[in-house]
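Heads up, the thing below is written out as structure tokens.
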């Protein structure tokens, strides 16, 4: 299996090669810039210190920017399960989208088609678990929102390319905005830690709980991202740890 790509190499990568067996994550991003051309220019600018392995344009074209067996600089300070600094064991994929600061758009149909093709290709090639297909906000929720609540996580899950709960929307929506007890809120956070999100400790606990909850909602309850832990979120988290 192969995918059709064009090449626009970025100079921003770690020159020491890595073992194929070390690659166990895919991390999706949006570019979050006002134009596609600006995003490509930044990712290939030696002074920006950022890059990705693949870039998906609005028209669905896939651009290879860093060869897979080299470490691209896309994740930054990041955590998932017991891993930190996920650049070293992940494939980073940037998708052209203006993001929350410039007019967040729906991902185009050609982009979604390319996301599916690329996911299938990489999952098969590196034997990546679907629970290790992540968004930037999953691994860096204190500072990142991408790829955001419009990213097609559920559609990917239907093709076994992503992690998703198996609860019926019409059955759990009635629990939306129902407040939890402090005890159940604590269980909700423990569930998120079991899924893989970073354990929150120390300073700014309350603020970071809100960031973490929003990251969870952008991923698993996309219709409402308010940072408030409600019973619907609780039930989804409980379901996910059983899968």
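Observations
- Segment 126-241: C-alpha gyration tensor shape, a/c 1.5 cut-off, then a/b vs b/c: oblate
- Counted by neighbouring Cβ atoms within 10 Å, the residues 161, 167 run from fewest to most as 167, 161.
- Over all Cα atoms in segment 18-58, the spread is summed up by Rg and Dmax: 12.4, 37 Å.
- Whole-number percent relative contact order across segment 104-243, with pairs defined as alpha carbons under 8 Å at least 6 apart: 30
- The ranking of 5, 15 from fewest to most other beta carbons within 10 Å of each one's beta carbon is 15, 5.
- Between residue 70 and residue 4, the distance separating the two model label sites (each 7 Å from Cα on the Cα→Cβ line) works out to 2.6 nm.
- The chain, relative contact order in percent, only Cα pairs under 8 angstrom and at least six apart counted: 20
- In terms of packing, defined here as the mean over residues of other Cβ atoms within 10 angstrom, the peptides 61-70, 145-154 line up highest first as 145-154, 61-70.
- Residues 113, 181, 78, ranked from the fewest to the most other C-beta atoms within 10 Å, line up as 181, 113, 78.
- Rounded, prolate or oblate (a/c below 1.5 giving rounded, otherwise prolate when a/b exceeds b/c) for segment 114-169 by Cα gyration tensor: oblate
- Rounded, prolate or oblate (a/c below 1.5 giving rounded, otherwise prolate when a/b exceeds b/c) for segment 1-134 by Cα gyration tensor: rounded
- Once C-alpha pairs closer than 8 Å and six or more residues apart are averaged by separation and normalised to the residue number of segment 169-240, the relative contact order reads 52 percent.
- Between residue 243 and residue 47, the simple spin-label model (points 7 angstrom out along Cα→Cβ) gives 4.4 nm.
- Considering only Cα atoms, the convex hull volume of the chain works out to 129 Å³ per residue.
Just so you know, all these numbers are worked out from the coordinates, no wet-lab data involved. Predicted model only: the values in this text are computed from it and were never measured. When we count neighbours, we look across all protein chains shown, and the Cβ atoms used for this are built from the backbone with ideal geometry, even at glycine.
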